[in-house]
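Written below as structure tokens is the structure these notes are about.
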Amino acid sequence: MLNFKISRRAFLQASAATTAAAAASPKLLKAMEVELGGKDFNPNSYIERKSIPLTCHVCNIQDGAIAFVENGRIVKLEGNPEHVSTRGRLCAKGNSGMWYTYNPDRIMYPLKRVGARGEGKWKRITWDEALAEVAQKLDAALKEDPNTISFKYGRDRTGGVIGRFMNTLGSGSLINHTSVCESSKKIGMQATWGPDIETPDFANAKYILNFGSNIMEAAYFHNPYAQRLADGMADNKAKLVTFDVRLSNTAGRSDEWVPVFPGTDGAVALALGHVILRDNLQDSDFIETWTNVTVDELKDHYKQFTPEWASKLSGVPTETIERIAKEFATAKPATTYTYRGPAKHLYGSYNEKSCMMLSIMTGNIEVRGGYCLPRGMGWPQPQPAPPKAPKPSYTAAHPDYPLAEHGVAHVLPFHIAEGRQKVNIHFTYMDNPVYTNPGSDAVWGKLYRDEKLIPYFVSWSTVMGEETALADLILPDCMYLERWEPESMPNSLWPWLGIRQPVIKPLGETRETRIIARDIIRKLDPDGKRGMKKYWNFKDGEDYMRQHFDNIPGLKEAGGLDFLKKHGVWPIYGKLNPETGKISDKTGREIVAEFGLHKKELSASDMAGAVADKSGTIMKNGKAIGVQRKGKNYAGFPTGNRLINVRVDEWAEHGFNPMPTFKRIPWHETMKDDEMILSTYKYNVHVQSRTASVKWLAEIVHSNPAWMNAETAAKIGVKTGDLVRVESKVGHLVTKAYVNEAIHPKVIAISTGVGHWGYGRLAQLKLKTEKGGAWGAQDDPDLNNVWWEDKGVHPNQIIPVVVDPIGGSQGWYDTIVKVTKAGPNDKYGDVQASWEKHVEAYKETVRYAYNGDLHRKMHPEMAAWTGPESVKHKEGGGH
Amino acid sequence: MQKQNAAPAEITKDSSFPQELRARAGFYQLLAGAFVEEPGRDYLAALRVPEALASLAELGLQFDADFTDVPLSELQDALACEYATLFTCPGGCPPMESTRLAGRFQQESYHEVKAIYRCAGFELQQGRFAVFEDQLGIELSFVAVLLERWAMMLESGDMAAAGKLEKEIKRFWVLHLGRWVRGYATLLARAAEHSFYREIARLLQSFAEEEMALLGVRVDDVDGGREKVPKSEVSVLFNPDESVCDGCERGKEPNRSFA
């Protein structure tokens, strides 16, 4: 018999000595999670659940997902391991997606307003009644002018359905949401290198300069990019430097957080460029070969942007600028990345361009570990397709902002109020500007309540958001887990096509967007005599998808839509490796992306009939198809001359500086000591508006105390939890303070995503105590689990409209506020703003437009510009 | 823990006369008419005839003038708005078992009742609007048709089939209706602004209690809308005073310390 009465010391020694034997012992029991998903089982019966792949759509990252269905009920969502971009991971929002579907506040039937607008009195009507009413209104509007039919959408992922609908009607009044989102980022980039977005190769970078992006939790493509960033930092020992006004979770996980004064990222970027060029750390060959400027021109231009100049503006020490510039330029490969931080300012387009210039001048373009062109895939539209509407509306092609290709939608209420855009029928889809836009209810609520300005308002919606609550008619759209949609996003270096497919049948009488559009057109043109019906020739959503996907080369051979229904995504580049969490090819090695897309040589057939001009641009049939460099014919960049345009001539034509530059926000220069700048941000579990009533997410984040620096808070005698009054030039709000050291002393930051007055029981909470409680919401089993009483305070109402005169973006982070300790009459949650003051703000921002009186003052360097009269106008809009 | 699923009592043969079963089925259908969709013109007109109003008054229902004294079309319109506010608009209390018991549409109970209907040979057909299988009106209609069948089986002398139907009805009350309609009815009576729904809710609650007593079904209502039950009236399956751990001698000591 063995003696186990041994001391603990002896036991540990024995254990250490036998480690190798223990390691060599066969281990046959495998934890199920190492399968990395794709399967799921009922925990009691162990029966495998039905799995259906799809593309997530809680936010707009478009992750690959799998829905698990048991007995017709969606019981779980997780990442699709076959998806090259998101590699089997889904964020908290994606995991909660089924609660959209089963939300007890969903709108299930067409609802017609019976009281005053916004009063909340509705009557259920049949689809037939609803469609007939809409068709009758459309018929009348078409007789006057098709452009009086306007359609504003927030998140349109229908793959072209909304555009088809408006083109069918012949209306050019299609209005997106991009100006409150990322338009100046897009315009800053498009004019320079063609695409409106970049795909940084974080996983292989050695150095990452992040300007104002919360990549790890909220930025565009945060799931795939957070993964690649983690790969790069862990495997490649990449250094991450984040410039931000707030210590976001990305800034906190960076090697270095550099707080900057709001709106000065562009100045810092220019100063970094100054150091790089001054010290000859640039990639001269790249600049000379692939851009439209010379190194000497660039060096000369950047001389003005000294570290001392930038330091004075931004507060970033000159030595920090000097050091980071040298680190970035010498740690190849390296990349920059931006999201809203630099772009959402008065001159956001300049800022965006200044940031991307760092990747350009160091030659980190289209290289492994660098700043790469986006990779995406398209799909054909069902035929026949309607021709484009004959003329754009005033707002869709704004004459004051001719360079803002993505529109200036956030000023629409002012245009309509001024009579510049007449509206007979207004449609909205997956949109909620009454909450999400600057001025929110004070501006958009005012517009939508006014039956003279918007005589008939139809909301295609799933829930009673702040906007939908003001509609005359609600057409119940279905949730993303119940509909067909084509997808592709440039969120990885491997292009992919994906689908959303119905996991269950749409609940109640909700219908797919394309079905709603089709049925309206068929009601309007039942016999096809108007020539509209022929564009809506499909049986159902799946039939429409077949018309998209069944003839795409490669996918067709793989099975077309049937392949996508089975896998959710195409191509499948490899298998998710359980050891690394990365995609491996058949040899077990990680797949490698293709780089140097601009260096792809044109074939002999491409060159047949092509000619190169003096600058080397290869023209064929009046279109630039490539560029000659060093005796070779390259594809180049997708710009008009196939080069990177450091100098943007079109900007100069409008009196803007064509070269990288920075403009300080004028009203920031005259700030008083007791004034601060209001900044907003997004939590990792919420999108801008739609998630506040989603179970799980609402529990994780439901309130948004205002971040304030301890030093600033001490000056006004405020500590965490105290009420503060935040007052801008258009209104004020009262909220709670969260005092910490993790924010710039001149900034107060309030998140969006909460503080709703619409959107349902979990978002509003008032249903626990007010009349709604009597309706039964207070007895809802989920509401009984609500342990919080704070729904947050939404800041947008006190943020005035600001328009970037180049890119059209809203200047979200430009608002000056005075913050004081709340007075005796201030109550938590008070929000007040004035339409008249917002109108004044609008009039002020228009002065910065290319034809405004402040344009020249802001651009003394463009003194030779001959004025707005010299600008060749594109076809103007009108109603 | 409250008592669940107490043993059902046998229903006497007297109470199972076909005529009575059909009368009960009629009540189920009457109640269903208020919930399946917005009350229709014929339904309201039939309810407002003096004989019907008098019968309902005898049961204790007291409709206000908003039900009795307005033109029929006006009443229908007002009830359509009330219906939308209560049952189909966000913030309301949809009369669906899933939303009442799980807080979400189309959860387990939806699938369970759908399977029960299918087993019994029924499927839902499209009315003026699509409706969920676990909607109150549909659940009530289901019992109504089972009662009709039960009556038919008794009349045809098929006692085995009649017995099965009786069990099916009891089972449906234990597993579904009994778990939520009484609580929901109390909520609806509080929430309704129109006297029609207030009184229908009262009728629903009383009728449910009577039916359960008649069927010998005892099940706790777990709907969140139920009125609070005084603690003294809560019956429990264990004695809260008995020791939790009495497996050892020390656990049985009356004055043991837990320190």
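Take the Cβ atoms of A:MET619 and A:GLU451, set R0 to 56 Å, and the FRET efficiency comes out at 0.55. In a DSSP loop and with at most 10 other Cβ atoms within 10 Å, the trypsin sites (Lys or Arg not before Pro) in segment A:232-302 are A:LYS237. For segment A:667-842, what relative contact order do you get, as a whole percent, if you take Cα pairs closer than 8 Å and at least 6 residues apart? The value is 33 percent. Listed by chain and number, the lysines whose alpha-carbon sits under 27 Å from that of A:LYS206, ignoring those within fewer than 8 places in the same chain, are A:LYS185, A:LYS186, A:LYS237, A:LYS239, A:LYS299, A:LYS326, A:LYS332, A:LYS353, A:LYS575, A:LYS582, A:LYS599, A:LYS600. Between B:PHE122 and B:ALA45, the simple spin-label model (points 7 angstrom out along Cα→Cβ) gives 2.7 nm. Relative contact order for chain A: what percent, with Cα pairs under 8 Å and sequence separation of 6 or more? The normalised contact order for chain A reaches 17 percent.
Taking only the C-alpha atoms of segment A:183-372, the Rg (one decimal) and the largest Cα-Cα distance, Dmax (whole number), read 14.8, 40 Å. To make sure I understand the rule: partners must be aspartates and glutamates, Cα under 20 Å from the Cα of A:LYS533, and not fewer than 8 residues away in the same chain. Which ones qualify? Excluding near neighbours in sequence, the set is A:ASP128, A:GLU129, A:GLU133, A:ASP139, A:ASP145, A:GLU512, A:ASP519, A:ASP525, A:GLU542, A:ASP543. Sorted into 5 angstrom bins from 0, the C-alpha pair distances of segment A:667-842 split as 1, 8, 16, 19, 19, 16, 11, 6, 3, 1, 0 percent.
The label-point distance for B:LEU175 and B:SER55, in a model that sets each label 7 Å from Cα toward Cβ, rounds to 3.2 nm. Applying a DSSP loop filter and a limit of 15 other Cβ atoms within 10 Å to the trypsin sites (Lys or Arg not before Pro) in segment A:612-720 leaves A:LYS614, A:LYS630, A:LYS672, A:LYS719.
Across the alpha-carbon set of segment A:15-148, the Rg to Rh ratio works out to 1.27, Rh being the Kirkwood radius. Ordering A:PHE211, A:ASN280, A:PHE328 by the projection of their Cα atoms onto the charge dipole of segment A:183-372, which places +1 on the Cβ of Lys and Arg and -1 on the Cβ of Asp and Glu, puts A:PHE211 at the extreme positive end. Taking every DSSP helix (H) stretch of at least 4 residues in chain A, weighting each as -39,500 (n - 2.57) and dividing the sum by the residue count yields a mean residue ellipticity at 222 nm of -7500 deg cm²/dmol.
About the Cα centre of segment A:667-842, how large is the charge dipole given +1 on each Lys and Arg Cβ and -1 on each Asp and Glu Cβ? Please answer in debye to the nearest 20. Provide the component values of the computation, followed by the final result.
Numbers: 19 positive and 21 negative charges, 53 e Å.
Around 260 debye, computed over segment A:667-842.
Stick to Cα atoms and the Kirkwood definition of Rh, then tell me Rg/Rh for segment B:13-226. That ratio equals 0.96.
Using a simple spin-label model with pseudo-atoms 7 Å out from Cα toward Cβ, A:THR820 and A:GLU48 lie 6.8 nm apart. Look at the dipole of the protein assembly as shown built from charges on Cβ: of A:HIS301, B:LEU59, A:PHE549, the Cα furthest out on the positive end belongs to A:HIS301.
How much length would be gained if the chain were fully extended between A:ASN740 and A:GLU308, taking 0.36 nm per residue of separation minus their Cα-Cα distance, in nm to one decimal?
Taking 0.36 nm per residue and subtracting the Cα distance, the gain is 152.6 nm.
Where Rh denotes the Kirkwood radius from the mean inverse Cα pair distance, what is Rg over Rh for the protein assembly as shown? Over the Cα atoms of the protein assembly as shown, Rg/Rh equals 1.01.
Here's the picture: charge each Lys and Arg Cβ at +1 and each Asp and Glu Cβ at -1 in the protein assembly as shown, and of A:PHE595, B:GLN76, A:VAL831 the one pushed furthest to the positive end of that dipole is A:PHE595. Extension gain, A:SER834 to A:ASP543: 0.36 nm times the residue separation minus the Cα-Cα distance gives 99.9 nm.
Computed from backbone phi, the HN-Hα couplings of segment A:527-543 come to 9, x, 5, 7, x, 9, 4, 5, 7, 10, 9, 8, 7, 7, x, 5, 4 Hz, rounded to whole numbers (Karplus: 6.51 cos²θ - 1.76 cosθ + 1.60, θ = phi - 60°; Gly and Pro given as x). For segment A:433-474, the dipole from Cβ point charges (+1 on Lys and Arg, -1 on Asp and Glu) about the Cα centre works out to 80 debye, to the nearest 20.
For A:LYS857, a cut-off of 20 angstrom between C-alpha atoms picks up these lysines, skipping any fewer than 8 places away in its own chain: A:LYS663, A:LYS843. Counting only Cβ charges, +1 for Lys and Arg and -1 for Asp and Glu, the dipole size of chain A around its Cα centre is about 1240 debye. A cut-off of 5 Å between modelled amide H atoms, ignoring neighbours fewer than 5 places along the same chain, links A:ILE677 with A:VAL747, A:ILE748, A:VAL817.
Cut-off 20 Å, label point 7 angstrom out along Cα-to-Cβ of A:ARG522: give me the residues of segment A:92-130 whose amide nitrogen falls inside. Answer for this model: A:109-111, A:125-130. The calculated FRET efficiency for the pair B:MET152 and A:LYS872, based on their C-beta separation and a Förster distance of 56 Å, comes to about 0.10. Once C-alpha pairs closer than 8 Å and six or more residues apart are averaged by separation and normalised to the residue number of segment A:216-295, the relative contact order reads 17 percent.
Read-outs throughout are calculated quantities, based only on the coordinates presented, and are distinct from any laboratory measurement. On a predicted model such as this, the values are computed, not experimentally measured, just so you know. As a convention, Cβ positions derive from the backbone with ideal geometry for all residues, glycine included, and neighbour counts pool all protein chains shown.
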